[in-house]
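The structure appears right after this line, and notes come after that.
The values are calculated or read from the model by the stated rules, or taken from the named source; none is laboratory data. None of these values were measured; they are calculated from a predicted model. Counting neighbours? That spans all protein chains shown, and the Cβs are built from the backbone with ideal geometry, glycine included.
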Amino acid sequence: MKLFAGFFNWLYQGSKIRLFLYQNFTLHFVSVKPFISCFLHGSQGMEKKAKKEFERLEFLGDAVIDLVIRDLLMKVYPSAEEGSLTKIKAQVVSRKELGRIANVIKLPKLVRVDPRIDVQQTSIFGNALEAIVGQLFLLKGYEKTDRVLKQFFSEHIAFDQLKNQIFNFKGVTIEWAQKNKKKWELEIQELPKNRYLATLFIDQQIQTVGVSSSKKSAEQKACRIFWEINEGY
């Protein structure tokens, strides 16, 4: 009876993994056996061979995600400076962010973890997501995996919000002005209640203004508005 119970349990788990892969990556797999180790955390009494496989897939998936995100950011932010891209990339591929995405797609419901482990203090589910990506790469190759992951991350990462938090709008605006031989100037005016007004001039013509509690933030706001208006120049 235990043999049959184990067999049907494996079939049930396999069907859930198959559905998970289709719902999140729109890929259908007749056999999900290659993915089984991705859903077994090393601390859950795994065999040495399975643990090694999990860690190898995690290692590969980490590299694949890094490359896909770098390429995606180049397309999402075509005029971003290297420094801004590096900051955004670091946030997107962080353990915290991958863990958040793993929770959104309900990966914790499928990953078997030793109940004695405090999953809130670990990166277990982010690691599992990386392992899954690693296996996708091995089975589907880079071109297919790249296309699937770009769609996946575009659905789960608010790139516009990241842009407003990290993007160096002042730097991009200055770069644009210099490239197009435009004279630029940012004028700061102090307002009541510790507020500042930044006015952006291009060729001595007022373009945009930004108001904030700091001079730097006001400048960024004025340049952000200008850049959003002129993006694509």
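Which condition number in (1) modelled with pLDDT under 85; (2) not in a helix (DSSP H, G or I) is the one that VAL30 fails?
Of everything listed in (1) modelled with pLDDT under 85; (2) not in a helix (DSSP H, G or I), VAL30 misses just condition (1).
Yes/no per residue for (1) farther than 20 Å from PHE25 by Cα; (2) at pLDDT 85 or above; (3) not β-branched (Val, Ile, Thr):
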residue: GLU58; (1), (2), (3): no, yes, yes
residue: VAL64; (1), (2), (3): no, yes, no
residue: ARG70; (1), (2), (3): no, yes, yes
residue: SER94; (1), (2), (3): yes, yes, yes
residue: PRO108; (1), (2), (3): no, yes, yes
residue: ASP114; (1), (2), (3): yes, no, yes
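Restricting to the stretch 126-147, what's the tally of residues that are within 18 Å of LEU73 (Cβ to Cβ), surrounded by fewer than 23 Cβ atoms within 10 Å (Cβ to Cβ) and of a type outside the set (Asp, Glu)?
So the answer is 2.
Which residues, counting only those in the stretch 192-233, are among the basic types (Lys, Arg) and over 30 Å from LYS75 (Cβ atoms)? Step through it out loud before you land on a result.
Initially, the stretch 192-233 is screened for residues among the basic types (Lys, Arg), giving 193, 195, 215-216, 221, 224.
Across the stretch 192-233, the qualifying residues are LYS193, ARG195, LYS215.
Just to be sure before I move on: is SER84 touching a Phe, Trp or Tyr at 6+ places or on another chain (Cβ under 6 Å) and closer than 24 Å to HIS156 by Cβ in the structure I sent?
When the stated conditions are applied, SER84 passes them.
List the number of the failed condition for LYS181; all other conditions in (1) modelled with pLDDT of 80 or more; (2) of a type in the set (D, E, K, R); (3) closer than 24 Å to GLU58 by Cα hold.
Here LYS181 meets the rest and fails (3).
Please go through the stretch 204-233 and pick out each residue that is out of contact with any strand residue (DSSP E or B) (no Cβ under 8 Å at 6 or more places or on another chain) and within 13 Å of TRP176 (Cβ to Cβ).
TRP227, GLU228, ASN230, GLU231, GLY232, TYR233
Specify the residue that is surrounded by the most Cβ atoms within 10 Å (Cβ to Cβ); the eligible residues are those in the stretch 148-188 that are farther than 18 Å from VAL104 by Cα and among the β-branched types (Val, Ile, Thr).
THR173
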